[in-house]
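Readers should treat all values here as calculations from the given coordinates under stated rules, not as data from a laboratory. Note that this is a predicted model, so its numbers are computed, not measured. Cβ atoms come from the backbone with ideal geometry, glycine included; neighbour counts cover every protein chain shown.
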Amino acid sequence: MVVLWFNSIRFLPVFWLKDEAAHDSTEESSHLIMNVLMAVWSFNCCCVSTIWYYICCRQTKLEKLLELLQTAIENSDRIVGSKNVKKVALKIKIIIIIAVFSVIFNSIYAIVFKYAFDNQLHGLAAYYGVPFGNRFFYLFIVINVYNSAAWIFPLLFFLTLCVVLNSLYTNITTTLSDRIKEDGNLGMGLEDLRREHERLCQGVEMMDDTLSLYTLIMAAFSFSLECFLCYVVVIKNEGDITMIIFWFLSCAIVVGSICLVSASVHESAHSPAKHLYKIDVGQNTTTSHSLEIYMFVSRLNGPPIGLSLWGIVVLTKEFIFAVVGGFVTYFALVAQTLK
């Protein structure tokens with residue numbers, strides 16, 4: 001951890017030291033932009049590593065969450081059957097392949113630019129030695145590879161949990177819809193479905209309690225980098241466009257995947273409501289059956305069920321569209337004003 005924190009602050013002196021590798025003001029500005037990106041990204045990876053070190057040291061919450069999900073999966077097989085198992089397995093495999101490929105790609109990317117040092121520290125490789133030149137270059141290459149893994153693999157774990165939760169919620173909704181007869185009556189098993197839904201809601205609450213700070217850190221840093229890159233392109237009109245596109249897409253994929261899967265969990269958790277309203281509650285409906293329907297509807301219409309940014313706001317599609325709309329509108333107005 002000490003090495004990681006040192007790596008996150010080693011870029012700070014560069015902001016007031018003279019850039020000897022730059023040949024002109026344009027190149028110096030490009031180097032400064034890259035230093036800002038690397039500094040923010042390294043600090044982000046350091047924070048993520050620290051958070052997950054704390055989570056793994058206190059394994060009680062994480063173990064309870066995994067045990068609850070294991071129980072929910074077993075109960076789901078018993079109550080609603082093995083639905084969407086192949087689809088979930090395929091999604092998880094795709095996520096794992098993309099994560100491993102991303103780490104390997106970034107590692108090769110870091111090692112290949114080692115040869116740029118032969119050209120008097122010119123190029124992106126200069127930033128791996130900031131501010132010590134090439135004296136600790138190989139050490140910083142190793143740290144960069146670790147940071148890549150620390151940036152991607154926790155995201156892999158987060159996405160996997162969300163995919164599993166979303167699938168279990170979808171199974172409940174599909175089963176509820178199938179059991180409602182054409183006349184609006186509901187077959188047997190509403191109590192089991194409601195309890196299983198409540199178990200999943202407890203899992204979402206435990207996951208949010210455990211990983212909400214991680215979600216906030218990843219979303220905040222990725223979104224901040226995107227704002228900085230847009231500022232560089234729209235307002236300053238500087239920097240290497242290829243490098244800017246690479247970083248912008250990387251941050252957009254990270255923050256987009258976190259927000260979208262979280263919003264998907266929220267939507268699937270509330271999706272049974274539209275089917276419960278179709279149930280015909282008549283004179284033949286027993287009191288216990290009516291109570292089950294009332295409790296189910298009350299849970300779905302109560303506080304939002306979903307993952308939040310450290311308890312500040314629950315990630316929903318409405319919130320995502322509002323943030324993206326404000327982001328695009330702001331920079332569109334700035335660009336129009338500059339013209």
Enumerate the calculated ³J(HN,Hα) couplings along segment 49-60 in order (Karplus 6.51 cos²θ - 1.76 cosθ + 1.60, θ = phi - 60°), each rounded to whole Hz, writing x wherever the residue is Gly or Pro. 4, 5, 4, 6, 5, 5, 5, 6, 5, 9, 7, 4
What is the spin-label model distance, in nm, from V324 to D240 if the labels are put 7 Å beyond Cα along the C-beta direction? 2.9
Whole-Hz couplings from phi, Karplus 6.51/-1.76/1.60, listed for segment 218-227; x for Gly and Pro: 5, 5, 5, 5, 5, 5, 5, 5, 5, 5
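Of K87/K317; K61/K274; K87/K278, which pairs sit farther than 30 Å apart, going by alpha carbon to alpha carbon? List each step's numbers first, then the result.
On the way: K87/K317 23 Å; K61/K274 33 Å; K87/K278 28 Å.
Beyond 30 Å: K61/K274.
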Could you give the length gained by full extension between I9 and L249, i.e. 0.36 nm per residue of separation minus their alpha carbon distance, to one decimal place? 83.9 nm
Using modelled amide H (1.01 Å from N, peptide plane; none on Pro or chain starts), what sits under 5 Å from the amide H of S308, excluding residues fewer than 5 places away? L315
Give me the distance in nm between label points sitting 7 Å out from Cα along the Cα-to-Cβ direction at Q59 and K86, one decimal. 3.6
Give the Cα extents of segment 204-337 along the principal axes, in whole Å, largest first. 72, 34, 22
